[in-house]
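Enquirer: I have a structure here, written as structure tokens, and I will follow up with some questions on it.
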Amino acid sequence: MHEKVTNWVCFLRPKCKAICATDNATDMIVRWTSHCHDPDPVQLKVQEAEAEIMESAAKHPKLRTSHLITEWQK
């Protein structure tokens, strides 16, 4: 049986108690609580870079990971 929701937690847990739950069928947020800290700008940049690399990989599935990362770094 599949779960109805996916629970997400802050990477600073247990210090930060922020949570988010998304409905697996719709990807909509069904529950959330706020963080107890400001966003980490370095972590945000890393997440942006990861998202860009994953998007490129989806568009070009035959390219090697090292090539995708090199292209992103340019």
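The values are calculated or read from the model by the stated rules, or taken from the named source; none is laboratory data. Keep in mind the model is a prediction, meaning the values are calculated, not measured. Every residue, glycine among them, receives a Cβ derived from its backbone with ideal geometry; neighbour counts consider all protein chains shown.
Enquirer: Being part of a loop (DSSP other than H, G, I, E, B), exposed (fewer than 14 other Cβ atoms within 10 Å of the Cβ) and within 14 Å of the chain's Cα centre (by Cα) is the filter here; which residues of the range 1-28 pass it?
Expert: Phe11, Asp27
Enquirer: Out of the range 1-59, which residues are in contact with a Ser or Thr (Cβ under 9 Å, 6 or more places away or on another chain), small (Gly, Ala, Ser) and within 30 Å of Lys74 (Cα to Cα)?
Expert: The answer is Ala57, and nothing else.
Enquirer: Taking Ser66 as meeting all but one of (1) surrounded by 10 or more Cβ atoms within 10 Å (Cβ to Cβ); (2) of a type outside the set (Asp, Glu); (3) in a helix (DSSP H, G or I), write down the number of the exception.
Expert: With (1) surrounded by 10 or more Cβ atoms within 10 Å (Cβ to Cβ); (2) of a type outside the set (Asp, Glu); (3) in a helix (DSSP H, G or I) applied to Ser66, the lone miss is (1).
Enquirer: Moving to a separate point now. Please count how many residues of the range 53-63 are among the charged types (D, E, K, R) and either exposed (fewer than 10 other Cβ atoms within 10 Å of the Cβ) or modelled with pLDDT of 90 or more (or both).
Expert: Total meeting the criteria: 2.
Enquirer: Would you please name the residue that is nearest to the chain's Cα centre (by Cα), looking only at residues in the range 29-52 that are part of a loop (DSSP other than H, G, I, E, B) and either surrounded by 10 or more Cβ atoms within 10 Å (Cβ to Cβ) or of a type in the set (S, T, N, Q) (or both)?
Expert: Top of the filtered list is Asp40.
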